[in-house]
There are 2 protein chains.
Amino acid sequence: MKKMIIASTSTIYGSDYLEYILPELADFFKEVEEVLFIPYARPGGVTYDEYTNVARKAFDEIGKGIKGIHEFNDPKIAVQNAKAIFVGGGNTFVLVDTLYKHNLFSEIVKAVESGTLYFGTSAGSNITGVNMKTTNDMPIVYPPDFKTLGLIPFNLNPHYLDPDPSSKHKGETRETRIREFHGYNDIPVLGLREGSWLDVKGQKIILKGELSAKLFRKSEKPIELDPGIIRIDISSH
Amino acid sequence: MKKMIIASTSTIYGSDYLEYILPELADFFKEVEEVLFIPYARPGGVTYDEYTNVARKAFDEIGKGIKGIHEFNDPKIAVQNAKAIFVGGGNTFVLVDTLYKHNLFSEIVKAVESGTLYFGTSAGSNITGVNMKTTNDMPIVYPPDFKTLGLIPFNLNPHYLDPDPSSKHKGETRETRIREFHGYNDIPVLGLREGSWLDVKGQKIILKGELSAKLFRKSEKPIELDPGIIRIDISSH
């Protein structure tokens, strides 16, 4: 059965890397000793080693080992053998480009559908959706495709931000951007605020954390979903 | 000689569409009667007709006619025959995708290099750079390439926003995103704040408006450029 934790962000304001979600992770990873870390999104351009050490330090708190995928000769085999995978945040374009370079998309889908645990934050969560067309990131590299894992039947917008009514900035709000997305795409989009995450077990998706999430559908008024089981019916749209 | 006005935004806070820049446009377009408008970026998903009417209303204030490129049978011939082009803002991915579909990139470069006036705002400014990899927009469609007009020898980041020191949001700041860009690209990036524009005449580029612009170079500390002639030496980098 598919088991995933899909988090809006690795870090919430005033707290350490992953700190807010460590109790959930301790439970989620209770059966595994080591997690395969995929550092490809390279936030702020850090090296794979630096990034893996950041993840290692946090996972050390819950007594789990971390091994970076770049430490293996063959990343495909690393995915095949992993009991648990953590895909960290950073730049989604860079992450997707690198996953395509190593032909890892189908490998990760196969693994997660066979029960390999998946934990993602930010860009690592973005790619669990149908495509990466609702990322907030800058397109600093050109990936061969925007299609992503499709492990959930909708798209995510992590770090979802409500419009600031006092802003004098004339760039688009997040809501406007997602409305523009729906001018070209039918896929529902879930705006996941910082501090929220999805707990996925097979077909069951639970919104966790204290905040509601905002669901955007083509040609409909967005709605707020409270924490708890969420049902996003795709078929009727 | 190449003559361009490259503006960060169409609209500044508390003012109508193009209002802040109309005096500059009246002078810039003084020799032409009609401007070819390219509405492909479709801000907020408006139709080409709706968007063209918005531009028409503003240009009416300075006694200039506007014709939308979609009103012509052959957009290439429309570009070839235009004395002046205005590319409006919206979504840069949609704009670039549509320009590629109509094979207009080389046509616009040829026209502008032969003296056709070019005015761009936001997405329409973004595409004057070497590539669109420093856009702020959401990748709602997948264009065949990120390469753009290359009419200026650097990239732009329109609607440039300084980090907000009071923010509790953990998404990347604009500066972090541009630093990530420089992890993969050497091209200098000019962060153009709302209310600023570049006045380009051949090789001479003047920063206009009241604000400074922020220049980012790979592996260097960003610097502020005051309004006036700007020189971005590419060769030494």
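The values are calculated or read from the model by the stated rules, or taken from the named source; none is laboratory data. Note that the coordinates shown come from a computational prediction; the quantities given were computed from them, not determined experimentally. In this analysis, Cβ positions are derived from the backbone assuming ideal geometry, glycine residues included, and neighbour counts consider all displayed protein chains. In case anyone asks, the SASA skips ligands and DNA or RNA and just uses the protein heavy atoms, side chains included. Shrake-Rupley method; radii C 1.70, N 1.55, O 1.52, S 1.80 Å.
Taken across region A:147-159, residues that are farther than 29 Å from residue A:45 by Cα and surrounded by fewer than 20 Cβ atoms within 10 Å (Cβ to Cβ) do occur, with at least one present. Reported count of residues in region B:63-78, each being among the small types (Gly, Ala, Ser) and in a helix (DSSP H, G or I), is 1.
Could you run through region B:175-223 and say how many residues are under 17 Å from residue B:9 (Cα atoms) and of a type in the set (A, V, I, L, M, F, W, C)?
Summing the residues that are under 17 Å from residue B:9 (Cα atoms) and of a type in the set (A, V, I, L, M, F, W, C) in region B:175-223 gives 10.
Residues in region B:130-171 that are touching a Lys or Arg at 6+ places or on another chain (Cβ under 6 Å) and either within 14 Å of residue A:136 (Cβ to Cβ) or at the interface with another protein chain (Cβ under 7 Å from one of its Cβ atoms) (or both): B:138, B:139, B:140, B:146, B:161.
Among the residues making up region A:200-214, those that are open to solvent by 10 Å² or more (accessible area, probe 1.4 Å) and not hydroxyl-bearing (Ser, Thr, Tyr) are A:201, A:202, A:203, A:204, A:205, A:206, A:208, A:209, A:210, A:211, A:214.
Before we move on, is residue A:104 buried (at least 17 other Cβ atoms within 10 Å of the Cβ), over 14 Å from the mean Cα position of the chain (by Cα) and more than 13 Å from every other protein chain (Cβ to nearest Cβ)? Yes. Looking across region A:183-235, the residues that are among the acidic types (Asp, Glu) and closer than 24 Å to residue A:1 by Cα come down to A:199, A:233. Within region B:1-17, the residues that satisfy the criterion of being of a type in the set (A, V, I, L, M, F, W, C) and at pLDDT 95 or above are B:4, B:5, B:6, B:7. Checked against the criteria, residue A:112 does not count as more than 17 Å from residue A:17 (Cβ to Cβ) and within 13 Å of chain B (Cβ to nearest Cβ). Every listed requirement among (1) touching a Ser or Thr at 6+ places or on another chain (Cβ under 7 Å); (2) open to solvent by 30 Å² or more (accessible area, probe 1.4 Å) is met by residue A:221 save one, (1). Taking first residues from region B:17-44 that are within 14 Å of another protein chain (Cβ to nearest Cβ) and farther than 13 Å from residue B:117 by Cβ and partners that are of a type in the set (Lys, Arg) and open to solvent by 40 Å² or more (accessible area, probe 1.4 Å), the Cβ contacts under 8 Å between residues at least 6 apart in sequence or on separate chains come to B:17/B:57; B:44/A:179. Filtered by the rule that a residue be more than 19 Å from residue B:29 (Cα to Cα) and open to solvent by 30 Å² or more (accessible area, probe 1.4 Å), region B:111-130 gives a lone residue, B:130. The number of residues in region A:210-237 that are on the phi > 0 side of the Ramachandran plot and free of Cβ contacts under 8 Å to residues at least 24 places away in the same chain comes to 1. One residue stands out among those in region B:1-51 that are closer than 22 Å to residue B:140 by Cα and assigned to a helix (DSSP H, G or I): the one that is least open to solvent (accessible area, probe 1.4 Å), which is B:51.
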